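The values are calculated or read from the model by the stated rules, or taken from the named source; none is laboratory data. Predicted, not measured: the structure shown is a model, and the values here were computed from it. Cβ: placed from backbone, ideal geometry, glycine included. Neighbour counts: every protein chain shown. These area figures cover heavy atoms from the full protein model, side chains too; ligands, DNA and RNA do not enter into them. Shrake-Rupley method; radii C 1.70, N 1.55, O 1.52, S 1.80 Å.
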Amino acid sequence: KSLSLPKDSALWSKAFTFGVATSSFQIEGAVNERALSIWDTFCDKPGAIKDQSTGEVACEHIERWADDVELIKSLNVDSYRLSISWPRVINENGMVNQQGLAFYSQLIKALKETGIDVFVTLYHWDLPQYLEDKGGWLNRDTAYEFEKYTQVVVETLKEDVTAFTTLNEPWCSAYLGYEAGIHAPGKTGRDNGLVAAHHLLLAHGLAMRVLNTQSPNTENGIVLNFSPCYPFNDTSEDKKASVLADQYFNHWYLKPVIDGAYPAIFESELEATGVVQPGDMAIIQQPMDYLGVNYYTRSYFSHDHQSGFVSCPAKDDELTAMGWEIFPQGLTDILIDLNNQYSLPPIYITENGAAMDDEIIDGKVEDTKRVAYFQSHLKAVDTAMNQGVDIKGYFAWSLMDNFEWAEGYEKRFGIVYVDFETQKRTIKQSGLAYSQLLAERKQQQ
Ligand code: GBH
């Protein structure tokens, strides 16, 4: 029921930051006060979202932000990771939405005054629809629009921000959004995936340059999703498939931003698209203060004649409500693996958490399985640190139940329960355990 850390763990140290995370589209609501995003459009497509829900109300965070700051404070966290809605800051005509920008200034100031460090993600998937109308991430101009948007945000917010993140999980934007069609804008095709990925990487590089020159006092970096890849069957074919899949899932973005080059397996395909222009790779490879790692589970692959690999369902019966295997060892493994393969900046675990079938009974949510998930994953972080990986913080996903993309509101990742009829927030057992651990930690410091 409670969380603990080994006595000698580096996670007790003040230098390590503990936080909770959210993203704009998943919690904000107040759609009418901003330009449309690709997720607004995608939600209107029949069948795109499992429960046919939208982001129109979500957690009504735009209205309830002051109470949410109190809520965050009550969890005893050091940090809060949020994202900014691009279409709330830049209007269709290219002008700044002053009211939208002021919302974030006010929120971030309030958090800072409360003693909470703010980690700001510039792009967590909610591209303005007016840019999608011109091709979105398939259009190279979008990267330059992102650079301009970054300038506006950074100038206004940098004094109160601890860390800026350019992109959250570009793999999801490019692959799920433009290649597999599972996420907005719902486009498909292998070439689309490659082209979108390159323009996202270019956007990252352009924005990193802005951040490093205009905001040298904040920590600036990117957040990527990682999942160690395993063969589904113990055959040489499936082993090969998982090695190939590893390149697609874990190195497609990391290698360009760290080493300034794509993994070799992408080269011929990429060349055929003609998307990479001279000088691009140098723009993409900018010095970063940290790498954000999002980890949820491991993945299985088997051989496929067409694509080389195909993703397989988890085998274990220890599954979350998403059907994702609970596999803490994978977090230690991937961290050590990446640390060995690259010369990395310090790491933040920017997302880790689990969806469970939470029920509220007598005003309580007894999410013991989620507590166990956090316990085992914190241990996994500690183990990786003991083996030499430089990790500076850990963020639970998520502060509260919210719009879980194509899954709608049925999948609950929060450590705080949200009743979507009344918007009442109730701290779950996991939230209480987290805040207790962090209170203990503060006393020891
Ligand atoms: C994160 O994405 C997001 O940043 C966050 O907004 C979201 O709410 C949270 O996790 C929970 O989902 O079977 O091909 O779809 C998680 C991203 C999800 C990426 C699982 C890889 C499996 C690949 N990961 N996904 S596929």
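Below, the figures for the structure above:
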quantity	calculated
Positive-end residue of G393, W324, L335, charge dipole of region 316-445 with Cβ unit charges	G393
Pairwise Cα inverse-distance average, inverted: Kirkwood Rh of region 1-137 (Å)	16.6
With every protein chain in place, region 1-120: carbon and sulfur % of accessible area (1.4 Å)	48
Per-peptide average of other Cβ atoms within 10 Å, ordering 41-52, 109-120, 218-229, 124-135 highest first	218-229, 124-135, 109-120, 41-52
Value in Å of the Kirkwood radius, where region 115-189 supplies the Cα pairs that are averaged	13.4
20 Å reach of a label modelled at D191, 7 Å along Cα-to-Cβ, counting backbone N of region 145-177	174-177
Cleavage-rule hits (trypsin sites (Lys or Arg not before Pro)) in region 284-367: DSSP loop, at most 13 neighbouring Cβ within 10 angstrom	K315
Distance from region 217-236 to region 30-68 (C-alpha centre basis), Å	29
Carbon and sulfur %, accessible surface of region 370-412 computed with the full protein complex present, 1.4 Å	44
Dipole magnitude of region 42-142 about its Cα centre (Cβ charges: Lys, Arg +1; Asp, Glu -1), debye to nearest 20	260
Residue-averaged 222 nm ellipticity for the chain, from DSSP H runs of 4+ at -39500 (n - 2.57), nearest 500	-11500 deg cm²/dmol
Under 19 Å from the Cα of K424 - lysines, other chains or at least 8 residues apart	K73, K364, K411
Taking all pairs of distinct alpha-carbon atoms in region 190-261, Kirkwood radius in angstrom	14.3
Distance between region 268-345 and region 381-445 - C-alpha centres, whole angstrom	23
Accessible area of the chain divided out per residue, in Å², using a probe of 1.4 angstrom	39
Ranked packing of 29-40, 157-168, most packed first, by mean Cβ within 10 Å	157-168, 29-40
Square roots of 5 times each gyration tensor eigenvalue, C-alpha, region 58-141, largest first, Å	29, 13, 11
Shape call, the chain: gyration tensor on alpha carbons, a/c limit 1.5	rounded
Solution diffusion estimate, µm²/s, Stokes-Einstein, region 248-335, Kirkwood Rh from C-alpha pairs, 4 °C, viscosity 1.567 mPa s	82
Förster-model FRET efficiency, 35 Å R0, E56 and K7, C-beta, rounded to 0.05	0.15
Cross-link partners of K7 among lysines (Cα-Cα below 16 Å; sequence separation of 8 or more within a chain)	K379, K442
Among V223, F403, M95 the positive-end extreme of the charge dipole of the chain (Cβ point charges)	V223
Principal axis dimensions, largest first and in whole angstrom, of region 1-42 by Cα	50, 26, 16
Per-peptide average of other Cβ atoms within 10 Å, ordering 231-243, 82-94, 381-393, 200-212 highest first	200-212, 82-94, 381-393, 231-243
Anchor K255: lysines whose Cα lies under 27 Å away (excluding residues fewer than 8 positions away in-chain)	K148, K187, K239, K240, K392
About the Cα centre, charge dipole magnitude for the chain (Lys/Arg +1, Asp/Glu -1 at Cβ), debye	880
Distance from region 136-159 to region 245-262 (C-alpha centre basis), Å	23
Percent carbon-and-sulfur accessible area, region 258-357, ignoring ligands, DNA and RNA, probe 1.4 Å	47
